[in-house]
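The values are calculated or read from the model by the stated rules, or taken from the named source; none is laboratory data. Note that the coordinates shown come from a computational prediction; the quantities given were computed from them, not determined experimentally. Please note: Cβ atoms are built from the backbone with ideal geometry, for glycine as well, and neighbour counts cover all protein chains shown.
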Amino acid sequence: MAFHVGLVRLSLLCVFLAKSVCAENVDTNDDNALKQKALNQKIHQAIVKFEQTNRKQWGFTVNRFENEEGDITESVEQFTPNADINKRWLLISANGEKATAKQQEKFLKAKRKQASKKKKKQKQTAGNNSYSIKLRELINQETLSYQSETSTHIQMSFQVTLSQFGDDTKGKLDGLLSYNKQNQFIEAITITNNAPFSPMFSASISELRLTFNFVQIDNAILFCEHALQMKGTFAYFVEIDEVSKDSYFDYQYQAFVE
């Protein structure tokens with residue numbers, strides 16, 4: 001009889017432990033879900049914060065560097081908010097030398113053409129965002145996943161689909177963002193590929209690394225740096241090996257009526 005009683009007690013204990021473990025797992029899952037929801041809300045608010053910054057009201061200097069298959073070009077450009085498109089941009093130097101009048105003329109012509117295309121695109125999309133990059137399109141918020149955390153930053157991963165690189169990028173681009181906990185903004189984004197992809201016919205990208213770094217000045221979220229590293233082939237035998245980096249500094253606020 002004692003043997004049977006002991007067996008019943010052991011069975012009841014096992015059932016109790018199993019229920020306790022299940023309850024603990026449910027509680028843990030609920031806690032994780034709440035944490036993930038809170039983090040997603042933080043990222044959403046950070047994206048809105050970025051979108052609300054009108055970059056056109058900030059003057060800045062940008063240092064551009066590009067190395068395309070060994071062909072290196074550098075320039076230092078200055079942007080000043082102004083209603084007159086011809087007074088917004090100034091080419092300070094090109095490839096380490098002071099810009100000539102001819103280079104200035106060519107530079108301004110390219111900027112006017114670029115501004116015209118951008119304005120036309122904004123009318124088509126009924127938008128007025130001063131940034132060409134749209135974080136809510138870049139960051140798939142439904143796929144955000146907590147990765148790690150320090151006393152100052154939270155790291156989260158996400159899936160990326162860049163329309164500029166074509167439909168073949170689906171599932172082949174991984175994103176990682178760094179969220180500044182104190183100032184509540186996205187401080188850095190890194191995008192890399194996990195497999196080769198084809199952005200266009202006869203082109204194949206084997207390596208891609210795209211980075212965006214941001215800085216907060218007052219309540220504005222502004223570019224600090226963005227860089228691109230890309231390798232691959234075009235037309236099956238032409239090598240693609242490109243490195244570019246734009247570094248922004250000397251921001252000055254200057255509101256104007258356009």
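From the list Thr233, Thr211, the one residue that fits, being outside any loop (DSSP other than H, G, I, E, B), among the polar types (S, T, N, Q) and modelled with pLDDT under 95, is Thr233. Of all residues in region 78-100, those being loosely packed, with under 11 Cβ neighbours inside 10 Å and not in a strand (DSSP E or B) number 5.
Listed here are the residues, each with its yes/no results for (1) surrounded by 14 or more Cβ atoms within 10 Å (Cβ to Cβ); (2) at negative phi; (3) part of a strand (DSSP E or B).
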site	(1), (2), (3)
Lys37	no, yes, no
Gln45	no, yes, no
Lys56	yes, yes, no
Thr61	yes, yes, yes
Arg64	yes, yes, yes
Val76	yes, yes, yes
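If you check Ser244, Ser204, Ser178 for being over 25 Å from Thr143 (Cα atoms), of a type outside the set (A, V, I, L, M) and modelled with pLDDT of 95 or more, only one passes: Ser244.
The residue pairs whose first member lies in region 207-230 and is of a type in the set (Lys, Arg), whose second member is surrounded by fewer than 17 Cβ atoms within 10 Å (Cβ to Cβ), and whose beta carbons are closer than 7 Å, counting only pairs six or more residues apart or on different chains, are Arg209/Thr192; Arg209/Gln229.
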